[in-house]
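The values are calculated or read from the model by the stated rules, or taken from the named source; none is laboratory data. Bear in mind that the values here come from a model prediction, so they are computed numbers and not experimental data. Cβ sites come from the backbone with ideal geometry, for glycine too, and all protein chains shown count toward neighbours.
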């Protein structure tokens, strides 16, 4: 599988772990990761995606909505003429959401605590792809449909397998680990200590730093600080990402984009020199702390500067790396899942920012 | 958590499907916080709210402002809408717990955030 990939490169997820239940896998490869990266993650999520913004802004005044998997709640305040309630599995993200003044609670997407048919609409942005089996993904959609009234609409975004922007994924591998590197320390150390960091595109850093200070990512501060790195954000998911596959490595080398301050640069470097450091022990504990390889990358970047342009020396000195599980959706797959529920029709669908999305309308409640 | 949100919640423990609403608030600390009034929202809410449950919950919290039954002209009764607004949108539960009247499951509210996560065997 991924023995040749350096630690930071997304790797194929080993679905075959008989000793773990789906719940345990999600706990380890999704929930605990978000808990750990919450402040940093939150600092990179502030710019609403246009499709979502449009969806919310065209809702009638006074409508009541649920944001299932709301993270830091960046969509909850988009339209103040609506009343929205956010929920997420991560209590750390929900704390941030709540501090921003939003209605927020901790719960599981497969067991929402709401009365049936209460909501006029719901959104689930970049959430369903974290469920580990097709059955659980359908169940998640059904649970969202349960809480929405008949005639109500639901907007769902999931990460696309076909994305070609920041990274190319192996089109054969839908279940992957995508690393998230915490770059906190580096920032501070960099600043204060030694060398100059080519400023390249270190959005995440700036953001993070701010975020750090505010502990829980005060929306304003974080937002402002991050203002410059906004785009990066959209590709947010991309922040630490890249492709799963080996051949992708080659492509990476050719990549032009600098947006991914974390993953990409490192990958390039690593692809060349990290082989040794660490095999992706995808199965061990969720938070992989790959200090070693990160360090290597940093060193390289700073000293050699192989490709000044797309080598944002963002690499953090000793950044912990966390692997998140994703199921990458191929074209039409989301719609298939929706139709399996037999309770909704598809009103609109599309592709945006590396995601497949669709708007459904609940047609019946059983 | 606002009182309106409490009115949306039900116990979702596996198999707990009857008499699981409203969750009973206990050891509650309340806080009033002003919010902008949105009549459209309140009118829409009137169609969704379980009014009897709301009134009963309020009485237990010593909030006695709501009439026992919804006024016939509720949707355009300014005085009523203002009371409703204050009660469901400006009254926050900062801490306490919610107990299912059926299975007795406890949901803890801390820092204004309800934890509705269940143990694995309860899902």
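Exactly one residue among B:49, B:70, B:88 is modelled with pLDDT of 95 or more, in a loop (DSSP other than H, G, I, E, B), in contact with a helix residue (DSSP H, G or I) (Cβ under 9 Å, 6 or more places away or on another chain) and within 13 Å of chain A (Cβ to nearest Cβ), and that residue is B:49. Among the residues of the stretch B:91-123, write down those that are in contact (Cβ under 8 Å) with a residue 12 or more places away in the chain, part of a loop (DSSP other than H, G, I, E, B) and more than 10 Å from chain A (Cβ to nearest Cβ). If the condition is that a residue be in contact (Cβ under 8 Å) with a residue 12 or more places away in the chain, part of a loop (DSSP other than H, G, I, E, B) and more than 10 Å from chain A (Cβ to nearest Cβ), then B:100, B:101, B:102, B:103, B:105 are the ones that fit. Residues that are closer than 18 Å to residue A:146 by Cα and more than 8 Å from chain B (Cβ to nearest Cβ) were ranked within the stretch A:82-102; the one that is surrounded by the most Cβ atoms within 10 Å (Cβ to Cβ) is A:88. Restricting attention to the stretch A:60-81, the residues that are in a loop (DSSP other than H, G, I, E, B) and within 11 Å of chain B (Cβ to nearest Cβ) total 6. As an exercise: evaluate residue A:105 against (1) in a strand (DSSP E or B); (2) within 16 Å of the chain's Cα centre (by Cα); (3) at the interface with chain B (Cβ under 9 Å from one of its Cβ atoms) and give the number of the one condition it does not meet. It is condition (2) that residue A:105 fails. Scanning the stretch B:52-67 for residues that are assigned to a loop (DSSP other than H, G, I, E, B) and farther than 25 Å from residue A:104 by Cβ gives B:62, B:64, B:65, B:66, B:67. Exactly one residue out of B:117, B:61, B:84, B:54 is closer than 21 Å to residue A:94 by Cα and surrounded by 14 or more Cβ atoms within 10 Å (Cβ to Cβ): that is B:117.
Taken over the stretch A:35-59, the residue count meeting the criterion of being outside any loop (DSSP other than H, G, I, E, B), within 14 Å of chain B (Cβ to nearest Cβ) and touching a strand residue (DSSP E or B) at 6+ places or on another chain (Cβ under 8 Å) is 0.
Any residue at all in the stretch B:18-32 that's exposed (fewer than 13 other Cβ atoms within 10 Å of the Cβ), in a loop (DSSP other than H, G, I, E, B) and touching a residue at least 12 places away in the same chain (Cβ under 8 Å)? Yes; the residues of the stretch B:18-32 include at least one that is exposed (fewer than 13 other Cβ atoms within 10 Å of the Cβ), in a loop (DSSP other than H, G, I, E, B) and touching a residue at least 12 places away in the same chain (Cβ under 8 Å).
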